[in-house]
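*Asks:* Okay, handing you the structure first.
Nothing in this text is a laboratory measurement; each read-out follows from the coordinates by a stated rule. Note that the structure is a prediction, hence the values are computed from the model and not measured. FYI the Cβ positions are ideal-geometry reconstructions off the backbone, even for glycines, and counts take in every protein chain you see.
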Amino acid sequence: MLNIDLHCHSTISDGLLTPTQLVARAAMRGVKTLALTDHDDVAGLDEAHHAAAAENITLINGVEISVSWRGRTIHIVGLGIDPEYPSLVQGLTTIRSGRAERAREMAAQLDKCGIHGSLEGAYKYVGERRLIGRLHFARFLVEYGHAKDIKSVFKKFLVKGKPGYTAHEWADLGDAIRWICGSGGTAVIAHPARYQLGKNVLDDFLHEFRQLGGTAIEVITASHTPEQALLFARHAQNMDFLASCGSDYHGSGESYFDLGQLPDLPVGCTPVWHDWAVPYE
Ligand code: AMP
Ligand code: MN
Ligand code: MN
Ligand code: MN
């Protein structure tokens, strides 16, 4: 079992644990190196660093940037970023600014199908109001019995073609990669199988990502089956990408993988941390 986990969320975005609680849970579960990767925000990193020092684990500065590419939403994780890098800070501020309006539109749609009070209901679950997102709506929908769990919400609601889905323009792919790499970080494609890109589109995406300066891809993530992990390990090797692994933990009962519970990277992958000066044994 690896004890490095490079993708998780705190209450700053849509996780259930504060940065301190998250780091403590990671440490308790044997994680030695953890990246906190909140959506479109780096505000949890200071607190996470304090907690990591107390728990004696290494905390990597991370972020998960929402990107629009050819009409799809893609997530790009930045690892080892400088959270004070001006264009990253400015870029994240701009992406976040659309979330309040989007939430109002999502609620208006749910209203139309007889589900009332979702905006206030979703806001009850946010840590930081500026980060209101689909998972907060999902928790409200489960609470009021519209779906049995979070996973079922994302089959019946909040996805393309279903009530509560609102198309949204996130960051440009090239901009997100430039903010990450310009700040000294590594750009990583998050949970690549989630986007269900066909072979040709996937090929285009991987090439464009690489051409724009992206260098890594998540091979091990909770959203991959073992077969998908092997498939993306092959893509990583073919494209000369480094391989990353992260639980994408949001909270117990909501995540498939807990912190510190990740399978090893498949043989032949070069870990994204291969040249980091951090302990990972
Ligand atoms: P947003 O950034 O507001 O579009 O919200 C995206 C978040 O919703 C993701 O980061 C996940 O936390 C959650 N999410 C999206 N799709 C699913 C799914 N199929 N199952 C569970 N959570 C999901
Ligand atoms: Mn999330
Ligand atoms: Mn994601
Ligand atoms: Mn995530």
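*Asks:* Can you give the FRET efficiency to the nearest 0.05 for residue 82 and residue 239, using r as the Cβ-Cβ distance and R₀ = 22 Å?
*Replies:* Efficiency computed from Cβ-Cβ geometry: 0.25.
*Asks:* Would you mind calculating the gained length between residue 144 and residue 258 on full extension (0.36 nm times residue separation, minus the Cα-Cα distance), in nm to one decimal?
*Replies:* Taking 0.36 nm per residue and subtracting the Cα distance, the gain is 38.5 nm.
*Asks:* Still on this structure, I have one more. Along Cα→Cβ, 7 Å out, is where each label goes; now give me the distance between the ones at residue 53 and residue 104 in nm to one decimal.
*Replies:* 4.2
*Asks:* Compute the length gained on full extension between residue 21 and residue 199: take 0.36 nm times their separation in residues and subtract their Cα-Cα distance, giving the result in nm to one decimal.
*Replies:* Working it through step by step, the gained length comes to 60.1 nm.
*Asks:* For a quick check: with amide H placed at 1.01 Å from N, whose amide H comes under 5 Å from residue 262's, ignoring anything fewer than 5 positions away on the same chain?
*Replies:* 2
*Asks:* Among 250, 235, 39, which one shows the highest mean-square fluctuation when the chain is modelled as a Gaussian network with alpha-carbon springs under 10 Å?
*Replies:* In this elastic network of the chain, the residue with the biggest mean-square fluctuation among 250, 235, 39 is 235.
*Asks:* Right, something else. Along each of the three principal axes of the Cα atoms of the chain, give the extent in whole Å, ordering the values from largest to smallest.
*Replies:* That gives 53, 46, 38 Å along the principal axes, largest extent first.
*Asks:* Taking H as built 1.01 Å from N, whose amide H comes closer than 5 Å to the amide H of residue 242, not counting residues under 5 places away?
*Replies:* Residues meeting the amide H criterion: 216, 217.
*Asks:* Residue 123 to residue 212: extension gain in nm, 0.36 nm per residue of separation minus the Cα-Cα distance?
*Replies:* Extra length available between residue 123 and residue 212 comes to 28.4 nm.
*Asks:* Just want the ordering: 40, 5, from fewest to most Cβ atoms lying within 10 Å of their own Cβ.
*Replies:* With the sparsest Cβ surroundings first, the list reads 40, 5.
*Asks:* Measure up 112/155; 156/199; 32/148; 32/199 against 25 Å on the Cα-Cα distance and list the ones that go over.
*Replies:* The answer is 156/199; 32/148; 32/199.
*Asks:* Restricting to DSSP H runs of at least four residues, report the calculated mean residue ellipticity at 222 nm for the chain, -39500 (n - 2.57) per run over all residues, nearest 500 deg cm²/dmol.
*Replies:* Calculated from helices alone, the mean residue ellipticity at 222 nm is -11500 deg cm²/dmol.
*Asks:* Please work out the C-alpha center-to-center distance from segment 214-230 to segment 74-151 and express it in whole Å.
*Replies:* Segment 214-230 and segment 74-151 have Cα centres separated by 25 Å.
*Asks:* Would you mind putting 188-197, 214-223, 164-173, 17-26 in packing order, based on average other-beta-carbon counts within 10 Å, highest first?
*Replies:* The densest-packed peptide leads the list: 214-223, 17-26, 188-197, 164-173.
*Asks:* Percent antiparallel among DSSP beta bridges with both residues in the chain, to the nearest 5?
*Replies:* Bridges in the chain are about 40 percent antiparallel.
*Asks:* Against the longest alpha carbon principal axis of the chain, how many degrees, from 0 to 90 and to the nearest 10, is the axis of helix 199-211 turned?
*Replies:* In the chain, helix 199-211 runs at an angle near 60 degrees to the longest axis.
*Asks:* In what sequence do 275, 203 fall when counting other Cβ within 10 Å, fewest first?
*Replies:* Taking fewest neighbouring Cβ atoms as first place, the list is 275, 203.
*Asks:* What dipole magnitude, in Debye to the nearest 20, does the chain give about its Cα centre under +1 on Lys/Arg Cβ and -1 on Asp/Glu Cβ?
*Replies:* With Lys and Arg at +1 and Asp and Glu at -1, about 1060 debye.
*Asks:* Assuming a ≥ b ≥ c are the square roots of the Cα gyration tensor eigenvalues, decide whether segment 99-156 counts as rounded (a/c under 1.5), prolate (otherwise, with a/b larger than b/c) or oblate.
*Replies:* oblate
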